[in-house]
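Laboratory data are not the source of any read-out in this text; all were calculated from the coordinates shown. These numbers come from a predicted model, not from an experiment. So basically every Cβ, Gly included, is an ideal-geometry build from the backbone, and we count neighbours across all protein chains shown.
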Amino acid sequence: MEERGPEVEIERPYVSGELDRVESEEIQSLIAASKQPYPDPVAWLEEDVKQNLLLTTTEQLIDLGKRFSVWPAAMGLACCAFEMISAASSRFDFSRFGMEIMRASPRQADLMIVAGTLTWKMAPALRRIYDQMAEPKWVLAMGSCAISGGAFRGSYSVVPGVNLIVPVDVYVPGCPPRPEGLINGFQALHRKVAKDKLIKR
Amino acid sequence: MTKALSGSDTAKKIGEKFPDAVTGSDETSVIVRSKDVLEVARLLKESLNLDYLNHITAVDYPDYLEVIYLLTSIKDNHSVVLKTRCEDHNNPTVPSVFSLWQGADFQEREIYDLLGISFEGHPNMKRLFLWAGFEGHPLRKDFKLEVPGGGKKE
């Protein structure tokens, strides 16, 4: 191993403040824009009769396909991620419910599982990943931090509820929720997807 | 087990070379003037073989801000707690020990980020965790939290 003297000056690749400025602007503008939560996308759930007239059979078939091939994008932000991972692995195995495989790329995913505390510094990245996902897309907020900020609500660095950044379809409470809870959330999402209408989306 | 050196003995050792630097000492720690930190740290590092900086931390007390260095000699298996105080809450500055221990880099930036103590001589004194436009230093007692929906929390 190379031995160092007592006082070695090391050249460090410190960049200028340009990146910091860009990042800061992005976060500040997101904070300014995120004063009101997005309404939960549930308005169409009650409109059963009106839209079923046209495509009933075809739509049911398509819905069936959509329901049982929801591919989640892993958005593990904090400790909830470990419950999500164990829900995905062999003991709980959410593939049994048609959740298939976790995707690392948002382009291939239908569902974003926001598992954990979202900080303001991470928020622009979360919004970007949501924007990159192809329609139709859903969001599941996992754990009390993602739902409302949880224990960190009112903190200087934590977003009080993911629904300030993206619209949320299903909330799974718990700190963290057990894998069974997460799977229950998936089933709730499946019921919701079954009621979704092609025309509306 | 690492032996914690007595602060009073360490204070005597410092006092031989820098008579004005020490402002207080007890069994566990030695307190020095903030402007002498770098010289005292260099002296301790050379005379006591303190080759490892365990951590730097800081506390906001009502009258002053305190910076605490925990220094260890891996070679001789003993440790020293060095403290310094900044009475000025508005513009606290302490010399950086980055030139002695590389590990001070991120820790000094973290203290600057959360408590607003500026380390003179640090090559990259900017925020570590929070973004550049963040107002205030959140671990200060006078920092007001913004409540979601408007207003400030006492």
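Structural remarks
- The stretch A:48-201, relative contact order [Cα under 8 Å, separation at least 6], %: 25
- With a Cα cut-off of under 17 Å and a minimum spacing of 8 residues unless on different chains, the lysine pairs in chain B number 15.
- Relative contact order [Cα under 8 Å, 6+ residues apart], the stretch B:3-153, whole percent: 18
- Amide H partners (placed H, <5 Å) of B:Ala4, local residues excluded: B:Ser79
- Under Karplus coefficients 6.51, -1.76 and 1.60, residue-wise ³J(HN,Hα) of the stretch A:76-82 in Hz, glycine/proline x: x, 9, 8, 5, 4, 4, 6
- For chain B, leaving out every one of the trypsin sites (Lys or Arg not before Pro) that falls in a DSSP loop and has at most 11 other Cβ atoms within 10 Å, the longest unbroken run is B:1-74.
- Among B:Asp51, B:Asp36, B:Asp142, residue whose mean-square fluctuation peaks in a GNM of chain B (springs only between Cα atoms under 10 Å): B:Asp142
- Shown in residue order for the stretch B:3-14 are the 3J(HN,Hα) couplings computed by the Karplus curve 6.51 cos²θ - 1.76 cosθ + 1.60 at θ = phi - 60°: 8, 7, 6, 5, x, 5, 5, 4, 4, 4, 4, 5 Hz (x for Gly and Pro).
- The protein assembly as shown, helix-only ellipticity at 222 nm - DSSP H runs n ≥ 4, -39,500 (n - 2.57), divided by all residues, nearest 500: -10000 deg cm²/dmol
- At the listed q of 0.10, 0.12, 0.15 Å⁻¹, the Debye profile of the protein assembly as shown, built from one uniform point per Cα, gives log10 I(q)/I(0) equal to -0.78, -0.95, -1.18.
- Distance distribution P(r), the stretch A:62-201, all Cα-Cα pairs, bin width 10 angstrom from 0: 13, 46, 34, 7, 0 percent.
- Centroid-to-centroid separation of the stretch B:1-52 and the stretch A:108-155 [C-alpha atoms, Å]: 49
- Peptide B:131-142 has a mean shielding of 4, counted as Cβ atoms of other protein chains within 10 Å of each residue's Cβ.
- Across all Cα atoms of the stretch B:1-143, the radius of gyration (one decimal) and Dmax (whole number) stand at 15.0, 45 Å.
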